[in-house]
Amino acid sequence: MLKRIFGYSETLLSFNTSQFDDYSKVVSSSVDLASKAQTRKEQFPEDCNSAFVMGVRFAKNRA
């Protein structure tokens, strides 16, 4: 039903992302800053590329 209304869709998930630019201003004991930094350096560029490729598929399927 949703496909008939909205058309083609996909899901892209990205985990362990950063919600704040500067975590030194946030009080939280559950945030692993080293893990977030490593994810941002290694995984985030791959997630961005996946989002770009997904956008290309959306553009192709829209026509």
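Computed from the coordinates by the stated procedures, all read-outs in this text should not be read as laboratory data. Worth saying up front: this structure is predicted, and the values here are computed from it rather than measured. Cβ placement follows ideal geometry from the backbone for every residue including glycine, while neighbour counts extend to all protein chains displayed.
The GluC sites (Glu not before Pro) of region 1-50 meeting both criteria, a DSSP state outside H, G, I, E and B (loop) and at most 16 other C-beta atoms within 10 angstrom of the site's C-beta, are E10. Only Cα pairs under 8 Å and at least 6 apart count here; give the relative contact order of the chain as a rounded whole percent. Here the relative contact order equals 48 percent. Computed extension length for K3-R62: 20.0 nm, one decimal, from 0.36 nm per residue of separation with the Cα-Cα distance subtracted. If Lys and Arg each add +1 and Asp and Glu each add -1, what is the summed charge of the other residues whose beta carbon sits under 14 Å from the beta carbon of S18? Local charge sum for S18: -1. The residues neighbouring V53, those whose beta-carbon lies less than 12 Å from its own, together hold a net charge of -1 under the Lys/Arg +1, Asp/Glu -1 convention.
If you build the convex hull over the alpha carbons only and average its shadow over all orientations, what do you get for the chain? Give it in nm² to one decimal.
6.2 nm²
Region 23-52 and region 1-16 have Cα centres spaced 24 Å apart. Comparing D32, D21, D47 in a Gaussian network model of the chain (Cα springs below 10 Å), the most mobile by mean-square fluctuation is D21.
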